[in-house]
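The values are calculated or read from the model by the stated rules, or taken from the named source; none is laboratory data. Please read these numbers as outputs of a predicted model, since none were measured by experiment. Every residue, glycine as well, gets a Cβ built from its backbone with ideal geometry; the counts of neighbours run over all protein chains shown. Just the protein is used for accessible areas: all its heavy atoms, side chains included, with ligands, DNA and RNA removed. Shrake-Rupley method; radii C 1.70, N 1.55, O 1.52, S 1.80 Å.
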Amino acid sequence: MKNHITLGEYIIENQKDFQYSSGELSNLLSSIKLASKVVNHEVNKAGLVDILGDAGNENIQGEDQQKLDVYANDVFMQTLVNRQMVCGVASEEEDDFVIIGGKNQTHDNKYVVLMDPLDGSSNIDVNVSVGTIFSIYRRISPIGTPVVKEDFLQPGNMQVAAGYVVYGTSTMLVYTTGHGVHGFTLNPAIGTFYLSHPNMKSPKDGKIYSINEGYYSHFPQGVKDYLKYCQEEEEGRPYSARYIGSLVSDFHRNLIKGGIYIYPTSSKAPQGKLRLLYECNPMAFLAEQAGGWASDGYKRILEIKPSELHQRVPLFIGSKNMVGKAEEFMAQYPDDAKY
Ligand code: AHM
Ligand code: MG
């Protein structure tokens, strides 16, 4: 019988690959695994909210059904805080970073986590895939002191691990610790993630482009020119347009099939929409580890020095040659590199 490797086993087995291995990162990844199962359970019954809500009316406390993105944030926060896995967390759902001190305020943990607990949450109501994105750094402030903003404002090339969970037709957890990208699929019957996609590789070329083309008239000229290129009848083009409106799901599909995802600047969103620290950087780390590429149209995402926790940047990510081609078009308009 084939030997199925679980995520838990995989994390432990590969702990030795990690330079500063003390088990702390493994425990942290296990906590993320646990929280993602809890969120998965809730996301899967999102369609039942009205039905369960009716039953909930009998609750004399009259508690409102929590929005799922707030719920996901609470689950990840509580899991990380209660298990005392990290010294700090930043989240799309929190205005500022959260300092975690442990019971006796020792601040002894080494890692900070940045996350988007439920990305693409506008898709929830219509039964379309959403995801969780996470990014992990070693703190740069001294162990034993409270974390500071600089621990979170590190460039993406300092990440020690990153990943996402896609709550899709199957639920998958995909992560990297800088040794390739590995995907695990949840068997919902027993609540266990199994290694299903070892060493995922981004095809160098692809035939899919993913962008919200509804904003076409607001896009910079380089993006407009590239889109026209995608649509030309030449050399394997036109490409197919696929846009779910959920970064995790669009990225995941393009990672497997080959493609490019773009969220550019626009006259409506002068810095783009996506957040550098907990959307673009973790995806960029994964993309590069899979042999793909991620840029803001001009420069490598992972080398951007962050200035703000919730900073936005434009994102061009996916198959290496496709992102390279898009960058060629952008290079024609160097002024748009400033945003
Ligand atoms: P969110 O973090 O508020 O969910 O926003 C991020 C999402 C991405 O998942 C998705 O790709 C993008 O926003 C869609 O934005 P738009 O509706 O402007 O195309
Ligand atoms: Mg998001």
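Before moving on, here are some points about what is shown:
- Among the residues making up the range 220-263, those that are open to solvent by less than 40 Å² (accessible area, probe 1.4 Å), part of a loop (DSSP other than H, G, I, E, B) and under 20 Å from ARG275 (Cα atoms) are PRO220, GLY245, SER246.
- Considering residues of the range 93-117 that are at pLDDT 95 or above and within 16 Å of ligand 2 (Cβ to nearest atom) only, the residue nearest to GLU24 (Cα to Cα): VAL113
- Looking only at the range 284-305, and only at residues there that are touching a strand residue (DSSP E or B) at 6+ places or on another chain (Cβ under 6 Å) and among the hydrophobic types (A, V, I, L, M, F, W, C), the one that is surrounded by the fewest Cβ atoms within 10 Å (Cβ to Cβ): ALA290
- Against the test of being at negative phi, in a strand (DSSP E or B), open to solvent by 20 Å² or more (accessible area, probe 1.4 Å) and modelled with pLDDT of 95 or more, the options LEU186, LEU195 yield a single qualifying residue, LEU195.
- Test: residue in the range 270-289 that is part of a loop (DSSP other than H, G, I, E, B), farther than 20 Å from LYS320 by Cβ, touching an Asp or Glu at 6+ places or on another chain (Cβ under 8 Å) and touching a residue at least 24 places away in the same chain (Cβ under 8 Å): no
- In the range 127-148, the residues that are away from ligand 2 (no atom under 13 Å from the Cβ) and either under 18 Å from VAL81 (Cβ atoms) or over 21 Å from the mean Cα position of the chain (by Cα) (or both): ILE136, TYR137, ARG139, ILE140, SER141, PRO142, ILE143, GLY144, THR145, PRO146, VAL147, VAL148
- Some residue of the range 133-140 being at pLDDT 90 or above, within 16 Å of ligand 1 (Cβ to nearest atom) and surrounded by fewer than 20 Cβ atoms within 10 Å (Cβ to Cβ): no
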